[in-house]
Amino acid sequence: MRKTFLLSGALLAATLAAGVSVSAIAFEGGHDGRHHGSPFIHELHELNLTDAQKASVKNLVKASFAQSKPQAQAFRQQREAFEALSPNDPNYASSASALAQAAATQASNRVTQLTTLKQQIFAVLTPAQQQQLAALEAKRAERRAAWKASHPNAGGHGGQ
């Protein structure tokens, strides 16, 4: 039972992180002017998009968020119902298992949704912007790999 609880907790954390990623996407960025969502959205700021491209990207992001909102709300309600259960409740283990399955489904849907959104945004870009975006993403990946190499224990994930 402990493994089930730990698994559901890990899946829940991963799903919540993915959910925050999508819900935070907005072309204009956060309240402080920085973007807190998907990494490639950050790189779009460096592409000198036209006003029409910016509007198109913003509409795509809003539509993607609106599409995922009901699913995210249903998952949140399921999570809250599980959290309200006592560990000695006869339905606790089955609820944990159901929540873990829902978290896996939510994470899978989030990856698919972000992939679709990225494809849609990529189609808005000119070929030159597409190449520039690929180069910016490659730089980000290199920086991330270098950081992870120099911080092997950061975040509890490194080097393992």
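The values are calculated or read from the model by the stated rules, or taken from the named source; none is laboratory data. Only a predicted model underlies this, so the values are computations on that prediction, with no experimental measurement involved. Methodologically, a virtual Cβ is constructed for each residue, glycine included, from the backbone with ideal geometry; neighbour enumeration extends over all protein chains shown.
Overview of values
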| quantity | calculated |
| --- | --- |
| Residue satisfying condition, being in a helix (DSSP H, G or I), among the hydrophobic types (A, V, I, L, M, F, W, C) and at pLDDT 90 or above, within set Ala141, Ala123 | Ala123 |
| Residue within segment 88-108 that is more than 30 Å from Ala141 (Cβ to Cβ), under 17 Å from the mean Cα position of the chain (by Cα) and surrounded by 13 or more Cβ atoms within 10 Å (Cβ to Cβ) present | yes |
